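Here is the structure we will look at.
The values are calculated or read from the model by the stated rules, or taken from the named source; none is laboratory data. Source: prediction; values computed, not measured. Cβ atoms come from the backbone with ideal geometry, glycine included; neighbour counts cover every protein chain shown.
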Amino acid sequence: MRTLDQKMNTRTSFEQEELRGITRSVGEIEWLLLIVVLLYHVFGGTTPDAKSEVILAMVLYVIFIMGFRYATFFMPESRWKLAAQTWIMTGFITWMLLFTGRLESPLLNCYLLVIITSALALGKLTTLLELALIVACVAFLGDYSSAAEIISLKYIAGMFAVFAPFVLVAYITTMFASDIRYGLNKETLPKDAEDPTSAVNMRGFAIIADRMFGQAVRHKGDISLLVIECDKLKEINDELGSKAGDALLLALTKCIKEQLRRTDVLARQGGDEFVALLPETPAAGALAAARKVRLAIAATPLMLGGQVVRTTVSIGAASYPQNGSTLDLLLDHANGNLHGAGSGGQ
């Protein structure tokens with residue numbers, strides 16, 4: 001059987017296609033920012049003595065947009081390229097604020113475009129760093145008469161009023177982006193047409209597992225695997241036939257999914273084995289999930305071939321980073337726990 005790492009060769013093209021789509025959207029946001037600033041300038045938003053600085057900034061920004069895209073046209077898309085674009089956007093907005101009223105400028109809300117871009121394309125951690133950069137820029141733009149003013153309640157309340165919408169937009173956008181990305185990933189995962197459980201197959205599981213595992217590694221988060229084996233499938237097939245075995249697998253799939261979270265991914269490894277990926281789940285959470293699945297299945301009688309049948313499962317668990325630094329190592333560790341658990345599971 002091929003390893004998960006071998007099955008993940010499809011990931012690169014899939015991710016590149018996603019990044020190309022995001023890059024196109026970021027490009028449109030960049031032009032939208034330029035149009036907003038240009039309209040503000042055309043309708044008299046800038047003072048006469050600052051017009052040359054504003055026009056120079058817009059020209060340089062256009063050169064950057066065009067130059068950056070053509071200079072990197074033949075390079076693979078990457079997150080760092082998107083991050084660099086958001087940094088330049090932040091610098092451009094800060095420069096414009098410097099010559100259009102500083103914190104009193106209506107263009108202050110253009111920072112929201114940076115936050116939305118980062119939240120949609122770069123994830124929670126990078127968005128948090130973008131917020132920190134914007135905080136520094138706003139602090140630079142402030143007009144202070146004394147150091148005491150900076151720590152006054154009036155100043156703190158004013159800063160809270162400025163940044164509360166930014167924080168809320170960042171939080172809401174990252175949540176929506178995460179939900180949309182998860183839904184799209186799950187909808188596009190391939191399933192085996194002949195599998196009675198309609199569970200994700202291992203090729204589809206490898207695609208989404210690689211992405212979730214990569215996120216856990218980048219953000220130093222937790223992720224866990226469960227390997228679940230039906231203890232009586234062979235016995236049911238021998239005694240009651242393959243149709244009864246298929247019915248058992250369907251019932252098991254339904255019962256397992258009911259115990260897992262919406263964000264967890266269940267796949268069928270083949271035969272009587274399933275594998276479940278539990279993102280943002282430490283070892284203790286994986287063991288709790290395994291116990292919940294095992295008890296639910298043991299407590300659910302099935303009507304197969306006119307007989308009431310009770311079955312059990314064996315479950316092996318593994319968690320990153322305690323049990324391995326790759327998906328293959330986690331899968332090996334979970335299989336080892338499974339085979340050492342015996343009937344009734346871990």
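Checking each residue of segment 78-89 against the condition of being assigned to a loop (DSSP other than H, G, I, E, B) and either of a type outside the set (A, V, I, L, M, F, W, C) or modelled with pLDDT under 80 (or both) gives at least one match.
Let's see how each residue does on (1) buried (at least 17 other Cβ atoms within 10 Å of the Cβ); (2) over 26 Å from Gly221 (Cβ atoms):
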residue: Thr281; (1), (2): yes, no
residue: Ala296; (1), (2): no, yes
residue: Ala299; (1), (2): no, yes
residue: Leu304; (1), (2): yes, yes
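If the condition is being surrounded by fewer than 17 Cβ atoms within 10 Å (Cβ to Cβ) and at pLDDT below 85, then segment 321-346 contributes His339, Gly340, Gly342, Ser343, Gly344. Taking (1) at pLDDT below 70; (2) surrounded by fewer than 19 Cβ atoms within 10 Å (Cβ to Cβ); (3) hydroxyl-bearing (Ser, Thr, Tyr) in turn, Tyr171 satisfies each apart from (1).
Note on segment 21-55: residues that are over 34 Å from the mean Cα position of the chain (by Cα), surrounded by 12 or more Cβ atoms within 10 Å (Cβ to Cβ), in a helix (DSSP H, G or I) and not basic (Lys, Arg) total 7. Scan segment 218-225 and tell me whether some residue there is at pLDDT 85 or above, buried (at least 16 other Cβ atoms within 10 Å of the Cβ) and in contact with a Leu (Cβ under 6 Å, 6 or more places away or on another chain). The answer is yes, given that some residue of segment 218-225 is at pLDDT 85 or above, buried (at least 16 other Cβ atoms within 10 Å of the Cβ) and in contact with a Leu (Cβ under 6 Å, 6 or more places away or on another chain). Which one of these is among the hydrophobic types (A, V, I, L, M, F, W, C), more than 27 Å from Leu327 (Cα to Cα) and either in the same structural domain as Asp332 (by TED's automatic domain parsing) or over 24 Å from the mean Cα position of the chain (by Cα) (or both): Ala276, Ala298, Ala284, Ala290? After applying the criteria, what remains is Ala298.
Determine whether Leu260 is under 30 Å from Lys124 (Cβ atoms) and in contact (Cβ under 8 Å) with a residue 40 or more places away in the chain.
Numbers: under 30 Å from Lys124 (Cβ atoms): yes; in contact (Cβ under 8 Å) with a residue 40 or more places away in the chain: no.
The answer is no for Leu260.
Just for segment 247-276: of the residues that are among the aliphatic types (A, V, I, L, M) and part of a strand (DSSP E or B), which one is surrounded by the fewest Cβ atoms within 10 Å (Cβ to Cβ)?
Selected residue: Leu266.
Kindly establish whether Ala147 is modelled with pLDDT of 70 or more, among the small types (Gly, Ala, Ser) and farther than 30 Å from Lys254 by Cβ.
When the stated conditions are applied, Ala147 does not pass them.
Return the pairs, sorted by first residue and then second, in which the second residue is part of a helix (DSSP H, G or I) and among the hydroxyl-bearing types (Ser, Thr, Tyr), the first residue lies in segment 32-60 and is in the same structural domain as Met89 (by TED's automatic domain parsing) and within 22 Å of Val114 (Cα to Cα), the beta carbons are less than 7 Å apart, and the residues are 6+ apart or on different chains. Qualifying pairs under 7 Å: Leu34/Tyr61.
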